[in-house]
Amino acid sequence: MSGYPIYLDYNATTPCDPQVVEAMLPFFSTHFGNAASKSHAHGWYAEEAVVMAREDIASLIGASPNEIIFTSGATESINLAMRGLAEVQPSPHGHIITVATEHKAVLDVCEHLRSKGMDVTVLPVNGAGHVDLDQLRDEIRPDTLMIAAMYANNETGLFHPIREISQISREAGVLFFCDANQAVGKIPVNARSEGIDMMAFSAHKMYGPKGAGVLYIGKRDKKIDLAPQIFGGGHERKLRSGTLNVPGIVGMGKAALICRDRMADESVRLAGLRDRLRNSLLNIDGVRLNGDENNMLAHVANLCFDINGGDRLLKMISRMVSVSNGSACSSVTQAPSHVLKAMGLTDMQALSSIRFSLGRFTSEAEIDIVTSAVCDAIARLR
Ligand SMILES: Cc1ncc(COP(=O)(O)O)c(C=O)c1O
């Protein structure tokens with residue numbers, strides 16, 4: 001992983017762990033069978049591999065294998081959870097509560113549902129990105145179907161108070177859907193004990209391949225009915241038809257096992273590197289942290305450099321380091337981040353903020369090189 005540019009955009013996507021690639025390779029060629037082929041050994045072998053991966057992924061999030069639905073990634077899982085729930089309602093009316101700092105995958109689905117007659121409340125956040133839990137409680141109505149709140153923010157790394165939100169939703173008899181794409185594999189997540197009813201995540205955020213993801217649908221308390229969004233052969237309990245992506249699923253299973261084994265050590269190591277980077281850059285005049293340093297993912301630092309023409313900063317350092325100033329999924333627009341704007345930053349402050357997200361292959365030497373590249377660029381811009 002060494003060389004230039006240095007990769008500090010692990011929240012956008014992670015490289016596949018070499019062990020993941022190794023586990024996947026036979027499933028492209030030797031074991032290429034269709035996991036739904038019930039009549040021969042090629043199919044049985046593929047199915048067996050999917051069964052094992054399902055168990056390993058379920059165990060990473062404290063779930064049972066029959067609570068795992070394989071999809072192509074978190075975006076699809078989010079669509080299945082939210083649109084699927086809306087579409088089984090007897091009338092198009094109902095109410096969903098979400099938060100202004102959610103990923104566009106959630107906010108855009110909310111917009112779509114609004115256009116179909118659903119009422120949507122988007123809760124504001126304070127300057128650190130926190131949601132007001134009393135306000136959340138107050139917004140719940142008799143027709144509220146779901147609270148959609150993410151586990152950890154992709155831009156700032158900030159955690160939502162998941163147990164409190166799940167308690168509020170439970171007391172009100174409302175479903176709690178959590179986009180946990182940035183949390184699973186990085187910190188211990190236990191969907192069942194944390195009272196999450198549905199949860200979305202992708203393999204490519206946890207050192208697995210792109211094109212594989214999961215929707216967890218909890219089975220403990222109540223049966224959750226969803227309308228499928230893709231019809232066909234009835235795969236995945238009729239919720240997500242289509243031939244399973246066996247290599248991707250095997251890779252996601254292996255990635256889950258590696259994350260389980262390495263998570264504790266990795267987050268301590270990355271917190272050390274992140275603090276080294278963050279503290280050096282915070283020494284520069286006028287630089288401040290976006291978020292709440294006591295309540296965030298260990299590998300993320302989102303810093304506001306508060307300089308005019310701050311978008312030039314990214315360009316100036318881009319030959320040395322790959323970082324971003326927003327979500328990869330909306331960065332094509334070059335618009336200031338909706339997350340930072342919801343936290344009260346001006347357009348200029350949002351555009352001159354950078355998200356540094358570290359990962360498994362980040363070294364101390366890389367952090368020092370990036371620190372001096374950013375310091376140099378700021379000095380030139382000022
Ligand atoms: C928090 C969060 N949710 C959802 C998504 C969408 O995930 P995917 O692109 O894997 O479908 C992302 C991707 O950046 C994300 O960070």
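Just so it is clear, none of the values below were taken in a lab; they were calculated from the coordinates. Computed from a prediction, not measured in an experiment: that's the story for all the values here. Every residue, glycine among them, receives a Cβ derived from its backbone with ideal geometry; neighbour counts consider all protein chains shown.
Taking 7 Å along the Cα-to-C-beta vector as the label spot, tell me the Asp134-Leu25 distance in nanometres, rounded to one decimal.
Simple spin-label model gives 6.0 nm for this pair.
Search the structure for amide H atoms under 5 Å from the amide H of Val321, placed 1.01 Å from N in the peptide plane, and list their residues when 5 or more places away or on another chain.
Amide H neighbours of Val321, under 5 Å, 5+ apart: Ile6.
Just add up the charged neighbours of Val99: K/R +1, D/E -1, any other residue whose Cβ is under 12 Å from the Cβ of Val99.
Around Val99, the surrounding residues sum to -4.
Could you line up Ser115, Ser363, Ser169 from fewest to most neighbouring Cβ atoms inside 10 Å?
In order of increasing Cβ crowding within 10 Å: Ser115, Ser363, Ser169.
Based solely on its DSSP helices, what 222 nm [θ] is calculated for the chain when runs of n ≥ 4 H residues each add -39,500 (n - 2.57) and the sum is averaged over all residues, nearest 500 deg cm²/dmol?
-12000 deg cm²/dmol
For a quick check: sort Ser280, Ser39 by the number of other beta carbons within 10 angstrom, fewest at the front.
Fewest-to-most Cβ neighbours within 10 Å comes out as Ser39, Ser280.
Would you work out which of Val246, Met199, Tyr45 lies farthest towards the positive end of the dipole of the range 18-257, given +1 charges on the beta-carbon of Lys and Arg and -1 on that of Asp and Glu, about the Cα centre?
Tyr45
When DSSP beta bridges are limited to those with both residues in the chain, what percentage is antiparallel, rounded to the nearest 5?
DSSP beta bridges in the chain are roughly 50 percent antiparallel.
When ranked by the protection proxy of mean other Cβ atoms within 10 Å per residue, highest first, what sequence do the peptides 137-149, 208-220 form?
Descending mean neighbour count gives 208-220, 137-149.
Using a simple charge model, +1 on the beta-carbon of Lys and Arg, -1 on the beta-carbon of Asp and Glu, nothing else, what dipole does the range 87-220 show about its Cα centre, in debye to the nearest 20?
For this selection, approximately 580 debye.
If the cut-off is 15 Å between C-alpha atoms, which aspartates and glutamates fall inside it for Lys205, apart from same-chain ones fewer than 8 positions away?
Result set, ordered by chain and number: Asp9, Asp17, Glu76, Glu155, Asp179, Glu266.
Non-local amide H neighbours of Asp9 (under 5 Å, H modeled in plane, Pro and chain starts lacking H): which ones?
When sequence neighbours closer than 5 places are left aside, the close amide H contacts are Ser357.
Could you grab the relative contact order for the chain? Cα pairs under 8 Å, six or more apart, rounded to a whole percent.
24
What is the dipole size for the range 230-368, taken about its Cα centre, with +1 at each Lys and Arg Cβ and -1 at each Asp and Glu Cβ, in debye to the nearest 20?
Dipole about the Cα centre, nearest 20: 580 debye.
Under the rule of at least 5 residues apart or a separate chain, name every residue whose amide H is placed under 5 Å from the amide H of Asp119.
Gly94, His95, Ile96
Suppose every K and R has +1 on its Cβ and every D and E has -1 on its Cβ; what is the size of the dipole of the chain about the Cα centre, in Debye to the nearest 20? Mind showing how you got there, number by number?
Working: 37 positive and 42 negative charges, 112 e Å.
The dipole magnitude comes to about 540 debye.
Taking the simple approach of a point 7 Å from Cα along Cα-to-Cβ for both Trp44 and Arg262, what is their distance in nm?
3.5
Pull up the cross-link candidates among the lysines for Lys219, meaning alpha carbon to alpha carbon under 24 Å and not fewer than 8 places away within one chain.
Partners within reach: Lys238.
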